[in-house]
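Below: the structure, in structure tokens.
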Amino acid sequence: MDYFTRLDQIENYINKMGRVSTVDLSKKFKVSEQTIRKNLSELEKEDLITRIHGGAKKKSGFKDRLEINKASKKKLCQEVAKLLSREDVVFLDGGTTYYYLPDFVDTDLNCKFITFSTLLAQKLIEAKHKNVYLLGGLINPNTLETFSYEALEMIRQMHFNLAFFGTSNFSLEYGFTEQNLTNLKLKQVVRERAEFAAVVTTKNKFGSNAMSKLFDYSELDLLITESFDNETINQALANKIKLVQV
């Protein structure tokens, strides 16, 4: 069995079983556990499965992920809504946090929203926002986000008053990092075209680093996150960036 065939079959097996161990995969595919771990790393980089201790599990559906830290995400979105002004041009990242933003934004502000999240675009329309722009391209079935090189070139011609990003992980040492590489460059170009940029994230993303660098603290104007129980962390973050905590 060649390398890519094995990757496909491992992914299919994990999706079928829901959760499997490295040992079981090693036995089923007749390769070493070290080889299986490398294969799982590749599948995780492609955002196809989720690594867990001793194995892997099926990627959670987007709607399932919406329920994780739901109350905190709503509080974060309330802080984002406070920053919006009439007729602002606003970029909104994908992910699950911003899904709740339309619940807190007055349609009378007449903001223009640009996003590559199909679910967020739909939610904005349902909330009666009239100026919603969905960047086109191929839809990732796991994230319900679009990507195309044409969208990247379109972004280079645009100007944003505000840009709000998510992040896979963040730490004091390495700043903001990203696991999903698909829209990494697009986000970085959006930052170049935005007057004001913020990362909005729950605190469970803190303390580890994903594969690729997204932003340094110095590249952003604001971090909106939850308050940590450890006051040392709160102060360390405040020393690096303007900070709003909920």
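The values are calculated or read from the model by the stated rules, or taken from the named source; none is laboratory data. Here the structure is a predicted model, which is why all the values come from computation and not from measurement. Every residue, glycine as well, gets a Cβ built from its backbone with ideal geometry; the counts of neighbours run over all protein chains shown.
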Original post:
Which of the residues that make up region 1-20 are surrounded by fewer than 13 Cβ atoms within 10 Å (Cβ to Cβ) and β-branched (Val, Ile, Thr)?
Top reply: Thr5
Original post:
So Ile114 clears everything in (1) assigned to a helix (DSSP H, G or I); (2) within 23 Å of Leu184 (Cβ to Cβ) except one condition, right? Which one?
Top reply: (1)
Original post:
Quick one: in region 21-33, which of the residues that are in contact with a helix residue (DSSP H, G or I) (Cβ under 9 Å, 6 or more places away or on another chain) and part of a helix (DSSP H, G or I) is surrounded by the most Cβ atoms within 10 Å (Cβ to Cβ)?
Top reply: Leu25
Original post:
In this structure, is Ile125 in a strand (DSSP E or B) and assigned by TED's automatic domain parsing to the domain that holds Asn183?
Top reply: no
Original post:
In region 50-104, which residues are of a type in the set (A, V, I, L, M) and on the phi > 0 side of the Ramachandran plot?
Top reply: none
Original post:
Condition test on Tyr133, is it farther than 25 Å from Asp216 by Cβ, modelled with pLDDT of 95 or more and either part of a strand (DSSP E or B) or not basic (Lys, Arg) (or both)?
Top reply: yes
**OP:** Output the number of the condition that Leu181 fails; it satisfies all remaining conditions of (1) of a type in the set (A, V, I, L, M, F, W, C); (2) crowded, with 18+ Cβ neighbours inside 10 Å; (3) in contact (Cβ under 8 Å) with a residue 24 or more places away in the chain.
**Re:** (2)
**OP:** Working carefully through the options Thr182, Thr97, find the one that is modelled with pLDDT under 95, touching a Phe, Trp or Tyr at 6+ places or on another chain (Cβ under 7 Å) and of a type in the set (Ser, Thr, Tyr).
**Re:** Thr182
Original post:
Could you count how many residues in region 92-139 are basic (Lys, Arg) and within 16 Å of Met154 (Cα to Cα)?
Top reply: 1
Original post:
If we scan region 148-159, do we find a residue that is out of contact with any Leu (no Cβ under 8 Å at 6 or more places or on another chain), in the same structural domain as Ser85 (by TED's automatic domain parsing) and closer than 29 Å to Lys58 by Cβ?
Top reply: no
Subject >> Unique residue being at pLDDT below 90, over 30 Å from Glu195 (Cα atoms) and over 15 Å from the mean Cα position of the chain (by Cα) when the list is Gly61, Gly18, Gly54 >> reply: Gly18
Original post:
Could you list, in sequence order, the residues of region 145-164 that are part of a helix (DSSP H, G or I) and touching a residue at least 24 places away in the same chain (Cβ under 8 Å)?
Top reply: Ala151, Leu152, Ile155, Arg156
Original post:
Restricting region 46-102 to residues that are of a type in the set (Gly, Ala, Ser) and part of a loop (DSSP other than H, G, I, E, B), which is surrounded by the most Cβ atoms within 10 Å (Cβ to Cβ)?
Top reply: Gly94
**OP:** Hey, could you check region 1-48 for residues that are without any contact (Cβ under 8 Å) to a residue 40 or more places away in the chain and among the acidic types (Asp, Glu) and say which is nearest to Asn180 (Cα to Cα)?
**Re:** Glu46
Original post:
Which one is surrounded by the fewest Cβ atoms within 10 Å (Cβ to Cβ) among residues in region 106-124 that are hydrophobic (A, V, I, L, M, F, W, C) and under 21 Å from the mean Cα position of the chain (by Cα)?
Top reply: Leu119
**OP:** Output the number of the condition that Met1 fails; it satisfies all remaining conditions of (1) within 11 Å of Gly55 (Cα to Cα); (2) assigned to a loop (DSSP other than H, G, I, E, B).
**Re:** (1)
